Amino acid sequence: MTTIAPPDASPEAAPRHGTVRNHVGGAWVDGGAELLDVHAPATGAVIARVPLSGPAEVDAAVRAARAALPGWAATPLKERVQVLFRYRALLERDADALTALIVEEHGKVEVEARAEILKAIELTEFACALPQVATGEVLEVSRGVECRADRHPVGVVASVAPFNFPVMVPHWTVPNALALGNCMLLKPSELVPLSATRMAALLAEAGLPAGVFNVVHGGQAAVEALCDHPGIDALTFVGSTRVATLVYRRATAALKRALALGGAKNHLIVMPDAEPRGTAANVAASMAGCSGQRCMAASVMLAVADVDPILERVVEEARRLVPGDTLGPVISREAKARIERHVTEAERAGARVLLDGRGATAPGREGGYWVGPTVLDGVTPDMRIAREEVFGPVLAVVRAADLDAALAVENASPYGNAASVFTTSGGAARAVMERAQAGMVGVNVGVPVPREPFGFGGWGESAFGAGDITGKGSIEFWTRTKKTTTRWGT
Ligand code: NAD
């Protein structure tokens, strides 16, 4: 008897989303012959294939963008943002579908995926407001002589994104760069290529002229081609510090304006006078939200003096998170192995495992890349887990005698993305606000992401280049000012 295999049973079967295509000059085109499997982290199944574009594909997209630039740059800002008003409405219309796509390709739980869409809408709203915010200046500098400064686009620009926020991070750059008159190439992470492809379709539906926004898929070769291409004037990067360093050096060596955001090691200082319930809920949410795959995630809790009752609550809060239900998987098999290695190494070095997420699984989805919430006590600042970014739902608790000792640990880290303090003392809060060597500080807030119009950006090895990537800082990055001096009359 012959049996007919179900459509997806054969390893040769085409994945559900087929082969992803580049979006160049308003058309969907092949991204090159070399393809990479895209896995759904919750099941391990192959859901798509992504092309690994190289210099030829990048060059084609740059040509399309350069051809579109004169028309788009000459369109008044008030007209350009009309496209983004329509795009914002399309994000709302397709919020359910986009949420489902993030859940599938990234593995986030639904509420986290939906939060990305809401944030993308907020970021688009800021771009819609740019006619009121990105104004020029004029001043009579001496009798009859006037100086004015006008903003002009930088030109053709590129944005390279990481895997951990497939929709939100591209929205840090895309709406503002386009509103300010640039034409753009987006290079999404090859681990999550599907959401960016939907963004291109929605921007086209909103009426963005062909060539203004292009998507080039791929990995290292595509990014290197973006850094090197003389037709690209500015480039932003968001990802790990290792790659941010390489990209920043390479892009600036090619004389591009560049901003490269890197990894993080965020410390949450918990003071003995902190309000226990809210603090524990915040610490647990910060360390395990998005499965700890946030550059703003709490990675180290600096426990000042005796905060054991709060720590017990943190462990209880974390224990309530269930992989496959309220906690998503991590991005890949390699990420799961790396995170579990960190925990085992710390345990061998003397840390106590209060909650162990190693070997976690989700019933019915055993092929997924699951790591349960993990809390380690007795971590010392010299341990690898206290120094390196783990990027998983793992909290290392380091004991500190007082606030000065806690700040010394926080400030010894070469990273400087975020730092938070939990306290009911204004003096302790003030001390952390002033002395923490981090670009984003939280007081009783575990994930202190600045909201528009404030800019997102860290210090130290968490960001290379001047300014922030969102908010008002992005206006400086995506424009050049032209200063004109005029004299009329006698
Ligand atoms: P990653 O550095 O591995 O990849 C980021 C991008 O760089 C991807 O598009 C990838 O294709 C490309 N890339 C990878 N290797 C490259 C190479 N050798 N040369 C050139 N390009 C290369 O980062 P990831 O794993 O996708 O994302 C997680 C990291 O991003 C974490 O370190 C996290 O902290 C960081 N992150 C930082 C921020 C921030 O605002 N500072 C925000 C989000 C994520």
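The values are calculated or read from the model by the stated rules, or taken from the named source; none is laboratory data. What you see is a predicted model, and the numbers here were worked out from it, not measured in a lab. A quick note on method: Cβ atoms are made from the backbone with ideal geometry, for glycine too, and the neighbour counts reach across all protein chains shown. Ligands, DNA and RNA are stripped out before the accessible areas are found, and what is left, the full protein with its side chains, is counted by its heavy atoms. Shrake-Rupley method; radii C 1.70, N 1.55, O 1.52, S 1.80 Å.
Some observations on this one:
- Note on the chain: helix-only mean residue ellipticity at 222 nm, from DSSP H runs of 4+ residues weighted -39500 (n - 2.57) and normalised by residue number, equals -12000 deg cm²/dmol.
- Relative contact order for the stretch 395-490, counting Cα pairs under 8 Å that sit 6 or more residues apart, in percent: 22
- Gain in span if fully extended, Ala74 to Glu92, counting 0.36 nm per residue against the direct Cα distance: 3.6 nm
- Computed on the stretch 104-260, the Cα convex hull volume stands at 141 Å³ per residue.
- Net lengthening on full extension, Glu205/Ala27 (0.36 nm per residue, minus Cα-Cα): 62.8 nm
- The fraction of accessible area contributed by carbon and sulfur in the stretch 266-443 is 50 percent, rounded to a whole number (1.4 Å probe; ligands and nucleic acids excluded).
- Surface per residue (accessible, 1.4 Å probe) for the chain, Å²: 42
- Under-5 Å amide H pairs with Ile47, H placed in peptide plane, nonlocal only: Val38, His39, Ala40
- One Cα centroid belongs to the stretch 102-148, the other to the stretch 422-467; the line between them spans 21 Å.
- The simple Förster model, with R0 at 25 Å and r as the Cβ-Cβ distance, assigns Arg451 and Ala281 a FRET efficiency of 0.75.
- Taking every alpha-carbon pair under 8 Å whose residues sit at least 6 apart, the stretch 194-320 reaches a relative contact order of 19 percent.
- Pairs beyond 31 Å (Cα-Cα), from Lys187/Lys336; Lys78/Lys483; Lys256/Lys336: Lys256/Lys336
- Rg/Rh for the stretch 266-443, where both radii come from Cα atoms and Rh is the Kirkwood radius: 0.96
- Normalised contact order of the stretch 266-443, rounded percent, pairs of Cα under 8 Å and 6 or more residues apart: 28
- Reported to the nearest whole Å, the Cα centre-to-centre distance from the stretch 217-269 to the stretch 335-360 is 31.
- Given R0 = 60 Å, the distance between the Cβ atoms of Ala405 and Ala67 translates into a calculated FRET efficiency of 0.50.
- As computed over the chain, the Cα convex hull volume per residue (Å³): 162
- About its Cα centre, the dipole of the chain is roughly 1280 debye, where the only charges are +1 on Lys and Arg Cβ and -1 on Asp and Glu Cβ.
- Only protein heavy atoms count here; on that basis, with a 1.4 Å probe, Ser195 has an accessible area of about 0 Å².
- Partner aspartates and glutamates whose Cα lies under 13 Å from the Cα of Lys472, excluding those fewer than 8 positions away in the same chain, are identified as Glu452.
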